[in-house]
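One structure is given here, and the rest of the page talks about it.
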Amino acid sequence: MNAVPVPLAAAPASGADLLLWVAVPYICLAVFAVGHVWRYRQDQFGWTSRTTQLLEHRWLRWGSPLFHLGAFMVIAGHVVGLAIPDSWTEAAGISEHTYHNTALWGGSVAGVAMVTGLGMLCARRLLTRRIRLGTDRSDKLLFPLLSATVLLGITATFAHNVFGAGYDYRTTVSVWFRGLFVLQPQPEAVAGAPLLFQLHALSAFLLFAAWPFTRLVHVWSAPIGYLARPYLVYRRRATPATAPTTAGRTRSASGSRRAA
């Protein structure tokens, strides 16, 4: 009689795993939530993207649309890949092969667009003296951290899923990510992931922690109210009629006195 193979239990998480994949994410998420409340209460005037379009617009004309369009596509792909279990997509009729190819090529295009746009924006800030002088401390933190997060993500995709043998992060990283939000963290699910995916995940949570203190807060200020706001009517100011000068009256009065 053949014995039924029993699957080996997952190795228990070490102290370092608990620190990196449980403590650090929860601390970053707490800073993300509390930081936004603090920023809104203390710095509503600074709740803006601090645009520099008036200082330089040639690089911005191409860099900003590329970065924002790529960012929206990347965020949408991460929401589907991390928040939605693979069983749901299969139940919807999307096979794993179809999902993999769509995520691979769509994510690659979105990542290249985002990296290109971000590179143009960073080069614009470094090469234009007036913009470089106006860069504050939060921007000096944001741009390197954002660049590292984006580059790590696209490097992991190309290294493992474009030129490599392939890696299904939905069975490891996604399980760990969803577990954080249902208060059932599974650090062992991500502890064995490739290093590039781990670094990408950690840098993303650090970006969440820095988010409330940078220009990224303008993401939550979409100008939806402008769609229902009444039109502003501008009228040309009428030119006032020319009044007699005081000096002329004074001269006339003094002449009358002399004549008298």
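Just a few scattered comments:
- Search result, residues across region 49-65 that are modelled with pLDDT of 75 or more, open to solvent by less than 70 Å² (accessible area, probe 1.4 Å) and not aliphatic (A, V, I, L, M): G63, S64
- Test result for L104, at pLDDT 90 or above and assigned to a helix (DSSP H, G or I): no
- Condition check for R130: in a helix (DSSP H, G or I), of a type in the set (D, E, K, R) and open to solvent by 50 Å² or more (accessible area, probe 1.4 Å): yes
- Counted residues, region 57-106 - those being of a type in the set (F, W, Y) and closer than 20 Å to A204 by Cα: 2
Residue-by-condition table, conditions (1) open to solvent by 40 Å² or more (accessible area, probe 1.4 Å); (2) under 30 Å from R61 (Cα atoms); (3) not in a helix (DSSP H, G or I):
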{"residue": "R124", "(1), (2), (3)": "no, yes, no"}
{"residue": "T135", "(1), (2), (3)": "no, yes, yes"}
{"residue": "D139", "(1), (2), (3)": "no, yes, no"}
{"residue": "L142", "(1), (2), (3)": "no, yes, no"}
{"residue": "H160", "(1), (2), (3)": "yes, no, no"}
{"residue": "A201", "(1), (2), (3)": "no, no, no"}
{"residue": "F208", "(1), (2), (3)": "yes, yes, no"}
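- Candidate set from region 186-198 (those that are farther than 19 Å from I75 by Cβ, assigned to a helix (DSSP H, G or I) and not small (G, A, S)); member that is farthest from the chain's Cα centre (by Cα): E188
- Being open to solvent by 70 Å² or more (accessible area, probe 1.4 Å), touching a residue at least 60 places away in the same chain (Cβ under 8 Å), within 18 Å of the chain's Cα centre (by Cα) and under 30 Å from S49 (Cβ atoms) is a condition met by at least one residue of region 212-219.
- When every residue of region 152-175 is checked against the conditions, none turns out to be modelled with pLDDT of 90 or more and under 30 Å from Q44 (Cβ atoms).
- The set of residues from region 174-185 being open to solvent by less than 70 Å² (accessible area, probe 1.4 Å) and either in a loop (DSSP other than H, G, I, E, B) or closer than 17 Å to C28 by Cα (or both) comprises W176, F177, R178, G179, L180, P185.
- Residue satisfying condition, being out of contact with any helix residue (DSSP H, G or I) (no Cβ under 6 Å at 6 or more places or on another chain) and closer than 14 Å to G81 by Cβ, within set N161, N101: N101
- Identity of the residue in region 66-86, assigned to a helix (DSSP H, G or I), of a type in the set (A, V, I, L, M, F, W, C) and open to solvent by less than 70 Å² (accessible area, probe 1.4 Å), that ends up farthest from G107 (Cα to Cα): A83
The values are calculated or read from the model by the stated rules, or taken from the named source; none is laboratory data. On a predicted model such as this, the values are computed, not experimentally measured, just so you know. When we count neighbours, we look across all protein chains shown, and the Cβ atoms used for this are built from the backbone with ideal geometry, even at glycine. Note: accessible area is taken over every heavy atom of the protein model, side chains too, but ligands, DNA and RNA are not part of it. Shrake-Rupley method; radii C 1.70, N 1.55, O 1.52, S 1.80 Å.
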